[in-house]
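Each value in this text was obtained by applying a stated rule to the coordinates, not by laboratory testing. What you are looking at is a predicted structure, and each value in this text was computed from that prediction instead of being measured. FYI the Cβ positions are ideal-geometry reconstructions off the backbone, even for glycines, and counts take in every protein chain you see.
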Amino acid sequence: MIPRPLTAPAPGWTRTADTVVIGSGIAGLVAALRCHERGQSVLLVTKALLDAGSTRWAQGGIAAALDPADTPDEHLADTLTAGAGVCDEDAVRVLVTEGPAAVRRLADLGTAFDRDASGALELGREGGHHRRRIAHAGGDATGAEISRALRAALKEHQIEAIENALVLDLIKDAEGRAAGVTLHVMGEGSPSGVGAVRARAVVLATGGLGQVYSSTTNPEVSTGDGVALALRAGADVADLEFVQFHPTSLWTGEGARGRQPLVSEAVRGEGAHLIDHDGVRFMVGRHELAELAPRDVVAKGIMTRMRETGASHMLLDGRHFGAGLWERRFPTILAACRHHGVDPVTEPIPVAPSAHYASGGVRTDLWGRTAVPGLYACGEVARTGVHGANRLASNSLLEGLVYAERIAAAIADDAPEPGEPVASEDVAERPETGRDVRSEIQRIMAAHAGVLRTAGGLATADRELAALAGTLGERGVDGWEAANLHTVASAIVAAARLREETRGSHWRDDRPGRDDANWRGRLVTRLTSDGTLQTEFER
């Protein structure tokens, strides 16, 4: 049973705006700025501080056909290949054709991308790309630089932001349109406690759901809040079984939990090799691009080699770079490795896959609209159809950028004033949940719904998550987050059980082949009125 809505006190304060944007990564910041430029009053709400989301941790860069020798059609082809046959080609075409101009606008806004001596953009290459088309900043600090530039623009335009605020539920009017959100402001500050923001448009840009697993590259705030809210509000979610595991997070020891340091794909793009503990380059022969194969291929290759050899991790060898290249191109990664006692200049880096990116999410059209009028979604929380079964490296920042700009245009065209909000439902009180429930959800998902999946393991996950539902409390931040994680975990497992094939980042050991005849389509999940999840296949 999935609770709808969450247990929370009645709002003690109310704010109004034309548009409320939830999230402060690239998608949320761009949506807020572009809506403001169109004359809307905007209130931005973020769960922690403005720079605490996933964008600031993005290392590799942002992909677009920026080189005169490159074309959007080539970028499209690489994206469709990585997506393993289930991308929405129209959505990908929007991404690759509008992407180059959007990146240039990002540079005009003040993002200091790395450039060569002539002033041209330096472009890197990552897995799945047949060309160098990755614009980067600060070597491997692209996300941090983009976040800095966008936050500076937010401040310049005096767009109001509420930090340390956990979004709870969507407010609807009598016609079923989005009319705002309830939220809880944590800790000190004014306003504080549970409140409401009334708005004629609500933009979800809440980021990912990586904290549903015990080991992830995602920050602590990535608890799937937007996906859970959308389900409770009556929106569709899709492709949730396609959780991408980054092949090369820094392995920090047995039993490591929480956010793990990322070793960007760009390191392999510059020529680092994956080796086992005998020095064998095990990706050679598995794919034509070897270490630069799409992420699902590399993650599976690493996990398979670990299983074959009994090792807890594999190794990424970039010793041939020398100190100069490491210090110039990858200073952030170099510092993180050294902080954990590994010097990439003189020794291989221990690596293992960690939960990284949700290719699925809240289902939208090409303008970011969801099934609930007035509710929009962009960035990692959204399922635009761009990524299919596996995200192509560095397409995530581009997707957040392009579709946030599209949402601003859509809101200007089709968001009438909402009616009066419907009165809140009476919800039975539940005991507060501690972090032990969150840890149990993470254990279940890591054990049974990670990189390698089987029918038996997924059935166990479903059974154990169902058993947790009866004791799941909600009141308080830990309880609300645990409820969201439980909702998202249950939806992932339901979709993964139904898709009886291996495709992209969904790998079924008991169904190792790709089955286009029966499974070339999408799984769409909805929350029924009685609180159960319903997942259906659509071609």
Debye, to nearest 20: dipole size of the chain, +1 on Lys, Arg Cβ, -1 on Asp, Glu Cβ
380
With +1 on the Cβ of every Lys and Arg and -1 on the Cβ of every Asp and Glu, and nothing else charged, how large is the dipole of the range 435-538 about its Cα centre, in debye rounded to the nearest 20?
220
Compute the distance from the alpha-carbon center of the range 49-76 to that of the range 320-394, in whole Å.
10
With the Cα gyration tensor of the range 1-128 giving a ≥ b ≥ c as the square roots of its eigenvalues, does the rule (a/c under 1.5 for rounded; else a/b larger than b/c for prolate; else oblate) give rounded, prolate or oblate?
prolate
Taking the Cα centre of each part, how many Å lie between the range 496-539 and the range 91-112?
32
In the chain, taking the dipole from +1 charges on Lys and Arg beta carbons and -1 charges on Asp and Glu beta carbons about the Cα centre, the listed residue (Thr142, Ala323, Ala494) farthest towards the positive end is Ala323
Only bridges whose two residues both fall in the chain count here: according to DSSP, what percent of them are antiparallel, nearest 5?
65
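Can you give the FRET efficiency to the nearest 0.05 for Arg38 and Lys155, using r as the Cβ-Cβ distance and R₀ = 30 Å?
Details: r = 19 Å, r/R0 = 0.64.
In this case the efficiency is close to 0.95.
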Those lysines that a straight Cα-Cα span of less than 20 Å connects to Lys155, excepting residues fewer than 8 apart in one chain
Lys47
Tell me, in nm to one decimal, what length is gained between Ala335 and Arg132 on full extension, where the rule is 0.36 nm per residue of separation less the Cα-Cα distance?
70.6 nm
Specify the angular offset, from 0 to 90 degrees and rounded to the nearest 10, of the alpha carbon long axis of helix 26-37 from the longest principal axis of the alpha carbons in the chain.
50
Using a 7 Å offset from the Cα along the Cα-to-Cβ direction at both Arg307 and Asp343, what is the distance between the two label points in nm, to one decimal?
3.7
How far apart, in nm, are the 7 Å Cα→Cβ label points at Arg115 and Leu49?
3.0
Is it possible to state the helix-based mean residue ellipticity at 222 nm for the chain, with each DSSP H run of 4+ residues giving -39500 (n - 2.57), the sum divided by total residues, to the nearest 500 deg cm²/dmol? What is it?
-10500 deg cm²/dmol
If packing is taken as the mean number of other Cβ atoms within 10 Å per residue, what is the order of 292-302, 268-278, 524-534, 206-216, highest first?
206-216, 292-302, 268-278, 524-534
To the nearest 20 Debye, how big is the dipole of the range 248-353 about its Cα centre, given +1 on the beta carbon of each Lys and Arg and -1 on that of each Asp and Glu?
260
How much length is gained if the chain between Ser192 and Glu536 is pulled fully straight, taking 0.36 nm per residue apart and subtracting their Cα-Cα distance, in nm to one decimal?
119.8 nm
Set the Förster distance to 41 Å, then compute FRET efficiency between Ser439 and Glu327 from the Cβ-Cβ distance, nearest 0.05.
0.60
Kirkwood hydrodynamic radius, the chain, all distinct C-alpha pairs: what's the number in Å?
23.1
Subtracting the Cα-Cα distance from 0.36 nm times the residue separation, let me have the gained length for Glu89 to Arg520 in nm, one decimal.
153.8 nm
Which Cα, out of Gly253, Phe242, Ala266, lies furthest along the positive dipole direction of the range 224-267 (beta carbon charges, K/R +1, D/E -1)?
Gly253
Once you put a point 7 Å from the Cα of Ala107 and another 7 Å from the Cα of Thr14, both along the Cβ direction, what distance in nm separates them?
4.8
